[in-house]
Structures are given as C-alpha cells and as structure tokens.
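Taking it in order: structure first as structure tokens, then the write-up.
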Amino acid sequence: MIPPTVTVAIRDAVRHAQERAARLERTQQLEIGEDLFIRVAPGGRKFLLFKLEGEPEQSQAQAIAEVLGLREPQFGWHQGATLRSLTVAERDEESSKNSDDTESHHSNRS
C-alpha cells in the first residue's frame with residue numbers, strides 16, 4: 001500500500017531544483033511557500049525569488065542561498081512587467097559572466 005502523502009523537506013526540493021537546473025541547463029521553478037516562488041537559473045548558481053503579491057524579504061533569499069551553498073551571494077532587484085524579484089547570484093558567477101562578455105566583445109572586433 002502506498003502512503004497517501006509524501007513529505008519532502010523544502011531544503012531537499014530546492015537542492016533538487018538546483019541540481020536539475022545545472023544538469024538540464026534549464027530554469028527550474030518551485031513554489032516554496034504561500035505566494036513565494038523561486039526560479040533557479042541554468043547552472044544552479046543564480047536564482048530569483050518572487051511573490052505574486054508584494055516582495056520577498058532579503059532574509060528569505062539569504063536562507064535559500066545558504067541551502068544552495070552559495071558562498072558569496074550578491075543580492076539585487078529585477079523589475080519585470082508585473083513583478084519585482086529579488087535576484088541572488090554567486091559573486092564568482094557574475095565575475096565570470098562579465099569577463100566572458102568582455103572576451104566575446106573583443107573577439108567580435110577582430
């Protein structure tokens with residue numbers, strides 16, 4: 001007989017989304033609380049935290065960053081058409097992206 005309910009710890013669900021984002025190179029989205037959502041970016045080292053009503057708190061983002069193992073999370077805000085999201089990225093991730101962009105601009109000039 002299969003139990004009617006299976007409880008999954010939110011930490012496990014968020015880590016699973018991080019692993020899937022890294023493995024599949026696709027954004028993973030979870031509802032992690034009442035009106036609280038996370039989108040883990042491809043690569044698993046960046047995420048957006050948002051609510052349909054209101055804004056998430058930085059303390060929530062900090063807790064999730066710790067669960068995901070981000071060592072030096074950088075926090076910011078993204079204003080979409082209808083939602084304002086808290087953005088979190090590993091510092092090294094942003095530095096790498098900026099240097100990759102710089103390199104690609106230089107190689108395009110050749």
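Where a number appears in this text, it was derived from the coordinates with a stated rule and is not lab data. What you are looking at is a predicted structure, and each value in this text was computed from that prediction instead of being measured. Quick reminder, even Gly has a Cβ in these numbers, built from the backbone with ideal geometry, and neighbours come from all protein chains shown.
So the values come out like this:
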read-out: Counted charge near residue 36, where neighbours are those whose Cβ lies closer than 15 Å (Asp, Glu -1; Lys, Arg +1); value: -2
read-out: Extension reserve of the residue 20-residue 82 stretch, reckoned as 0.36 nm per residue once the Cα distance is removed; value: 19.6 nm
read-out: Fewest-first ranking of 78, 16, using other Cβ atoms within 10 Å as the exposure measure; value: 78, 16
